[in-house]
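Engineer: Sending over a structure as structure tokens; questions will come in a sec.
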Amino acid sequence: MFDLHQRCAGVLLHVTSLPGPHGIGDFGPDAYRFVDWLQGAGQRIWQWLPTNPIGPGNSPYQSVSAFAGSPLMIALEPLVGAGWIEGIESPTFSSERVDFAAVVPWRLAQLRAAAEGFAARASAEEHAALDAWAASHALWLDDYCLFMAIEAAEQGRPWWQWPAALRARDAAALAAARQAHANEYRFWQFVQWCFDTQSHALKRYANERGVAIMGDLPIFVAHHSADCWARPDLYDLDEAYQPTVVAGCPPDAMAPTGQRWGNPLYRWNRMAAEGFAWWADRVERALDQADVFRIDHFRGFAGYYEIPASCPTAEEGQWVPGPGKALFDAIEARLGQLPIVAEDLGLITPDVIALRDGCDFPGMKILQFGFGDDAGNEFLPHNWTRSCVAYTGTHDNETVRGWWNAATPREQAYAGSYLACGADDIHWAMIRACCNSVANLAVFPLQDVLGLDAAHRMNTPGTMNGGNWSWRFDWPVLADEAGRVLGLICAGSGRAAFDKLGLPG
């Protein structure tokens, strides 16, 4: 298990942001090349965003499954190598942005061709391997594959608009659907097997080179999801399977009407009555794919913001107590010590801090947030403790250079004085400050390592911006110098070894 108390550093880069010829980053050759780059730069962590299938707005935080992997991340080269598809005639895709409208149907067509090739040409051993894997993951896989097959037959209609017997999961109706849509069911089984096989191989390669994978677990699930359809009793839904209350955040200076995310909320009392088994299953799945994971919106486990479903904004919500430490005690009783990083940003109250510290989870410190007031700011390094993960920024923030360009003159002056830097080296100054801090872990978005501006931002929360989640880099921008400087900073701050960087000991 990854030790969250060790002193090390890493890079935040979502898999889909990797280079590659097929329109979106995946688990193919460029992922292995990036692991090699991380190792050469003295990095011990590769942080991903959620690897679930994307949902509305191409977001990985609004997925049709909390357990399934994204079909878009499956590399095509191994499918060719296995003989399941003969070759790849790829359109000319952008190397800078993911064109989801073009990439998604093309990639799914390749996977369908591979599934047909597998059915026709795979060996008996390969078929047995798929069957054995499916049996070991039946707990979530059966519901997911059936959900996807019925969704296709229903032309994409949300599950609460399906025929009544399927909505209510009548056993006879489910059996008939499983038989009627057997080929589609088997296709999604094959896709998830490919995802797991490839993600495990990449994780093994990274681990062998001293690089741990940090995953990301969204707190909520989407209404239109296999999870909600399979267990509607675990969510605040009415008799028509519609949410009575939804998730979000209250109004603040940045969002005057708040943020209405729209996810259904959990019936925590029912989950507690089952020993939080669904959550233990979900965390077990997360730890099958990653060595450590960040859990999103951690404050929601102490207390969450409940918005009436009838309210179009978040202005009429209220705070409701969450499950608290009982949830994590139950998960730990089954799985052992949990390697979790708590995303403890936003409105953090004493009960959230008590829960985080009571679970011995490190929180997050974002250096960009440190320069809006004075030296008492909790996001300035001299106020940090060892039990935290230091970030220059996250996927939801501006890049460091974008932050500097948009900062007020006072913020620029304060940051320049505190970090002894200017516009040209603000990214290295922030990285150095995070590395030199007492924080056990320090993680930097690749955009900050490269000193890229606001045009390279990954996501703007609360928007359906077409550019969200689409950023990619290409190898020419990742010059050897970036890795060399990053490695030197990490070695000088005790987060990497000089001798392993090919430098004098």
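Read-outs: derived from the displayed coordinates by stated rules, not from any lab. Predicted model only: the values in this text are computed from it and were never measured. Counting neighbours? That spans all protein chains shown, and the Cβs are built from the backbone with ideal geometry, glycine included.
Engineer: Percent antiparallel among DSSP beta bridges with both residues in the chain, to the nearest 5?
Structural biologist: For the chain, the DSSP antiparallel bridge percentage is about 35.
Engineer: Right, something else. Just to confirm a number: summing +1 for Lys and Arg and -1 for Asp and Glu over residues other than residue 493 whose beta-carbon lies under 12 angstrom from that of residue 493, what do you get?
Structural biologist: Net of charged neighbours comes to +3.
Engineer: Taking the C-alpha atoms of the chain, how large are the radius of gyration and the largest Cα-Cα span, Dmax, in Å?
Structural biologist: 22.9, 70
Engineer: Now a separate question. Between residue 475 and residue 239, take the C-beta separation as r, use R0 = 45 Å, and let me know the FRET efficiency to the nearest 0.05.
Structural biologist: So the FRET efficiency works out to roughly 0.25.
Engineer: So how do 430, 148, 464 line up by other beta-carbon neighbours within 10 Å, fewest first?
Structural biologist: Ranking 430, 148, 464 by Cβ neighbours within 10 Å, fewest first, gives 464, 148, 430.
Engineer: Now for a different question. Over segment 4-56, what is the mean sequence separation of C-alpha contacts under 8 Å (at least six apart), divided by residue count, expressed as relative contact order in percent?
Structural biologist: 44 percent
Engineer: Counting C-alpha atoms alone, how compact is segment 269-314: give Rg to one decimal and Dmax as a whole number, in angstrom.
Structural biologist: In order Rg, Dmax, the Cα atoms of segment 269-314 give 14.3, 40 Å.
Engineer: Next up: Distance from the Cα centre of segment 6-52 to that of segment 59-101, in angstrom?
Structural biologist: Here the two parts' Cα centres lie 16 Å apart.
Engineer: Expressed as a whole percent, how much of the Cα-Cα distance distribution for segment 10-143 exceeds 20 Å?
Structural biologist: Taking all Cα-Cα pairs of segment 10-143, the fraction more than 20 Å apart is 54 percent.
Engineer: If contacts are Cα pairs under 8 angstrom and at least 6 residues apart, what is the relative contact order of segment 118-216 in percent?
Structural biologist: So the answer I get is 28 percent.
Engineer: Based on a Kirkwood Rh over C-alpha pairs, give the Stokes-Einstein translational diffusion coefficient of segment 372-438 at 20 °C and viscosity 1.002 mPa s in µm²/s.
Structural biologist: My calculation gives 173 µm²/s for D.
Engineer: How much net charge surrounds residue 434 when only the other residues with a Cβ under 13 Å from the Cβ of residue 434 are counted, with Lys and Arg +1 and Asp and Glu -1?
Structural biologist: Overall, the nearby charge balance is +3.
Engineer: How large is the helix-only mean residue ellipticity at 222 nm for the chain, computed as the sum of -39500 (n - 2.57) over DSSP H runs with n ≥ 4, divided by its residue count, in deg cm²/dmol to the nearest 500?
Structural biologist: -12000 deg cm²/dmol
Engineer: Based on a Kirkwood Rh over C-alpha pairs, give the Stokes-Einstein translational diffusion coefficient of segment 44-104 at 37 °C and viscosity 0.692 mPa s in µm²/s.
Structural biologist: Taking Rh from Cα pairs, D becomes 239 µm²/s.
Engineer: Looking only at Cα atoms, what is the convex hull volume of segment 353-505 per residue, in Å³?
Structural biologist: It comes to 142 Å³ per residue, whole-number rounded.
Engineer: Here's a follow-up. Could you tell me the relative contact order of the chain? Use alpha-carbon pairs under 8 Å, at least six residues apart, and round to a whole percent.
Structural biologist: With pairs under 8 Å counted, the relative contact order is 19 percent.
Engineer: Calculated FRET efficiency, residue 92 and residue 408, Cβ-Cβ r, R0 56 Å, to nearest 0.05?
Structural biologist: 0.85
Engineer: Along each of the three principal axes of the Cα atoms of segment 400-481, give the extent in whole Å, ordering the values from largest to smallest.
Structural biologist: Principal axes ranked by extent give 36, 32, 26 Å for the Cα atoms.
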